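Undergrad: Mind looking over this structure? Questions follow.
Coordinate-derived values only; no laboratory data. Everything numeric in this text was worked out from a predicted model, so none of it was measured. Ideal geometry is used to build each Cβ from the backbone, glycine not excepted, and the neighbour counts take in all protein chains shown.
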Amino acid sequence: MRNIIIAGNWKMNKDLNEVEKFCSALALHASTHSEERVWLIVAPAFPFLKLSSQLLEGQPVGIAAQDVSAYPNGAYTGEVSAPMLRSLGLEYCIIGHSERRQYHCETNQSVRDKQLILRKNDIIPILCIGETLEQRDNGQTESVLLEQLDGCFEGVELSRGDELILAYEPVWAIGTGRTASPQQAQEAHAMIRAWFRQKYGETVANNIHILYGGSVKPDNIGELLSQPDLDGGLIGGASLQLDSWEAMVETAVKIMETRI
Ligand code: 13P
């Protein structure tokens, strides 16, 4: 059975003091929750990755970077490589986020390259896909998601399904307060899982975690996580405040406890 993953993408938020405060509080909270099948991940900005891992050391909270270079090293000013992230002991890295696709020319091809270099460095990619509002309104959701999957996994091997985490983030639901309905999210997740089943077989399809992202909040996370193909959330805004983070984790713990 798959676990539930609650991942906070802090994006370009929180300075040094805020990260310090938040992670110290998070460490206290994380140590009190004992449901091992709810995995917690936070993704601070690059400068605070090391500090966050130090403050959360020994706690059941994984740390993710928000992006990585597709290249291993060299003259790429401003970039951060997978070996650098590895040297920090990082476990996860978000790639292909729609904000990077939109503002930083990220393509399915570069997401594929980033996936490969992360895995080579034993870092688990959290690979994001999702359609825009225009694409949804034009009835293109399925074809867009399938095209993103085909591109991001071209020539890529998967054998177990725990080599990476997939995140479905409809662009129209990110930061807009407009969440996909649980049914809309489930429909997309089931389609994505079916794609993995067809390409990689039953084991990968059953094991891969597919997270939903887009205006997840304490008051909608329960219904979303009750859908059979939703294995957690990739959460922006609501992961920035401790009270809403704790409320979402507590809901996830309750839901996990009801699963056999
Ligand atoms: P919001 O939860 O703020 O909509 O952001 C979602 C997201 O982009 C997570 O990666």
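Undergrad: Region 151-225: which trypsin sites (Lys or Arg not before Pro) are DSSP loop and have at most 13 other beta-carbon atoms within 10 angstrom?
TA: ARG160, ARG178
Undergrad: Give me the aspartates and glutamates in straight-line cross-link reach of LYS11: C-alpha distance below 13 Å, same-chain residues under 8 apart excluded.
TA: ASP67, GLU99
Undergrad: Just to be sure I understand: with springs between alpha-carbon atoms less than 10 Å apart, which residue in ALA185, ALA65, ALA27 has the highest mean-square fluctuation in the Gaussian network model of the chain?
TA: Among ALA185, ALA65, ALA27, the largest mean-square fluctuation in the Gaussian network model of the chain belongs to ALA27.
Undergrad: Would you mind calculating the relative contact order of region 119-260 from Cα pairs under 8 angstrom and at least 6 residues apart, reporting the percent as a whole number?
TA: Averaging sequence separation for qualifying contacts and normalising by length gives 23 percent for region 119-260.
Undergrad: Decide, for the chain, between rounded, prolate and oblate: order the square roots of the alpha carbon gyration tensor eigenvalues as a ≥ b ≥ c, take rounded if a/c falls under 1.5, and otherwise choose prolate if a/b is larger than b/c, else oblate.
TA: Since a/c stays below 1.5, the shape of the chain is classed as rounded.
Undergrad: Let me ask something additional. Within 10 Å of each candidate Cβ there may be at most 15 other Cβ atoms; applying that plus a DSSP loop requirement, which chymotrypsin sites (Phe, Trp or Tyr not before Pro) in region 1-86 survive?
TA: Taking region 1-86 and a limit of 15 other Cβ atoms within 10 Å, the loop chymotrypsin sites (Phe, Trp or Tyr not before Pro) found are TYR76.
Undergrad: Which residue fluctuates most in the GNM of the chain (Cα springs below 10 Å): ASN220, ASN73, ASN207?
TA: Fluctuation is largest for ASN73.
Undergrad: So, one more: Could you work out the relative contact order of the chain, using alpha carbon pairs under 8 angstrom and six or more residues apart, expressed as a whole percent?
TA: Relative contact order of the chain: 20 percent.
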